[in-house]
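The structure appears right after this line, and notes come after that.
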Amino acid sequence: MATAEQKPVQTTNLPLYLAERTDLVPIFIMGKRYDVPSTLTIQKAFEYAGYQLIRSCGCRGGICGACATVYRLPDSPKIHVGLACQTVVQPSMYLAMVPFFPANRAVYDLDEIEPDVKTLLKHYPELAKCMGCNTCTKSCPMDLPVMEYISAALRGEIEKAAELSFPCVMCGICTSRCPAELAQYHIGMLCRRLTGRYINPAAEHVKAQIARIESGRFEGPLRKLMAADLQTLRKLYVDREMEPHGADEMWEPQEKEFL
Ligand code: SF4
Ligand code: SF4
Ligand code: FES
């Protein structure tokens, strides 16, 4: 990890970006060496090294799961994983991003299936092949109890599997490491969908909002936005009422045209 001693040291009166940097560390991106500032995340180190990230880059905030990365450190056979936008470089790390890992994704009609283990096994029969090795949990960059939610799914505890898998960012690293070839994150998603559709009580405020949408409440405001020119849209955006810092969850803007 980066330490205070590794912070950029300015040795001349030149601006930092022109001065000789003393805080660079070597990293190896797909086998090629680059010297990068020690405080950068892996994602920023890629860009510092000259890569333009077209894949493997989405939210840059640890939410979208697009930047799954695997790496090794010197003198250790262990494979480490991380989200490139959240993980700081370490000296001599060998790394590669995994922009996509193929996984079996079932197609189903949520209105036509039952919230039980038979549904899970029908769409993901490989679920029964889990051998409890825990590799998925050890490889999850979100530190989720992946094996636990898979075990819950296998026991038919759909709601528990949904709850345990809720923070999953769908990065796919667990799937890339699973010896039984499960697509854990798609199984977790099915459990969450079943929970939302059949197990949790319907949220009254969502029902009310759907009724407002169906009544045509937003038709006029949306058409107005669609007809607006760029300058008007920019002004609307810049002038919009912002939620004050520390506002409680009941906060609403004064202007309710689009609410
Ligand atoms: S890695 Fe695969 S086989 Fe191992 S515990 Fe996780 S789901 Fe089961
Ligand atoms: S459960 Fe799997 S797909 Fe979800 S965040 Fe963890 S490793 Fe990524
Ligand atoms: S870019 Fe979205 S999680 Fe890293």
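Only the coordinates and a few stated rules stand behind these numbers; no lab work does. Not measured: the values here are computed from a predicted model. So basically every Cβ, Gly included, is an ideal-geometry build from the backbone, and we count neighbours across all protein chains shown.
Pairs over the 26 Å Cα-Cα cut-off, from the set K122/K207; K129/K160; K44/K78; K122/K160; K118/K138; K32/K78: K122/K207; K118/K138.
Peptides 109-122, 155-168, 25-38 ordered by packing proxy, namely the average of other Cβ atoms within 10 Å per residue, highest first: 155-168, 25-38, 109-122. Listed peptides 235-243, 126-134, 170-178 appear in the order 170-178, 126-134, 235-243 once ranked by packing, highest mean of other Cβ atoms within 10 Å at the front.
Which whole-number percent is the relative contact order of the range 9-97 (Cα, under 8 Å, 6+ apart)? Mind showing how you got there, number by number?
Details: 154 pairs, mean separation 27.7, N = 89.
Computed over the range 9-97, the figure is 31 percent.
In this rough spin-label picture, where each label sits 7 Å from Cα along the Cβ direction, the K118-Q209 distance is 3.5 nm.
Any number yet on Rg/Rh for the chain, C-alpha, Kirkwood? Mind showing how you got there, number by number?
Working: Rg = 23.9 Å, Rh = 22.3 Å.
Rounded to two decimals, Rg over Rh is 1.07.
With R₀ set to 35 Å, the beta-carbon distance separating K32 from I63 gives a calculated FRET efficiency near 0.75.
Within the range 90-108, whose backbone N sits under 20 Å from a point 7 Å along Cα→Cβ of E181? Residues passing the 20 Å test: 100-107.
With the simple spin-label model, which puts each label point 7 Å out from Cα in the Cβ direction, the E241 to M142 separation comes to 3.4 nm.
In µm²/s, what is D for the range 110-199 at 37 °C and 0.692 mPa s, where D = kT/(6 pi eta Rh) by Stokes-Einstein and Rh is the Kirkwood radius from Cα pairs?
The diffusion coefficient I find is 260 µm²/s.
Among Y51, Y185, the ranking by other beta carbons within 10 Å of each residue's beta carbon, starting with the fewest, stands as Y51, Y185.
Highest average first, the peptides 57-63, 223-229 ordered by how many other beta carbon atoms sit within 10 Å of their residues are 57-63, 223-229.
Roughly how far apart, in whole Å, are the Cα centres of the range 102-143 and the range 51-96? With the range 102-143 and the range 51-96 each reduced to a Cα centre, they are spaced 25 Å.
Relative to the present Cα-Cα distance, how much length would full extension add between E126 and D111 at 0.36 nm per residue of separation? Don't skip to the end; give the middle numbers.
On the way: separation 15, 0.36 × 15 = 5.40 nm, distance 2.31 nm.
Using 0.36 nm per residue and subtracting the Cα-Cα distance, I get 3.1 nm.
Cβ screening of the chain for cysteine pairs under 4.7 Å finds these without a partner: C57, C67, C85, C130, C133, C140, C168, C171, C178, C191. Spin-label model, F258/F100: points 7 Å from Cα along the beta carbon direction are separated by 3.2 nm.
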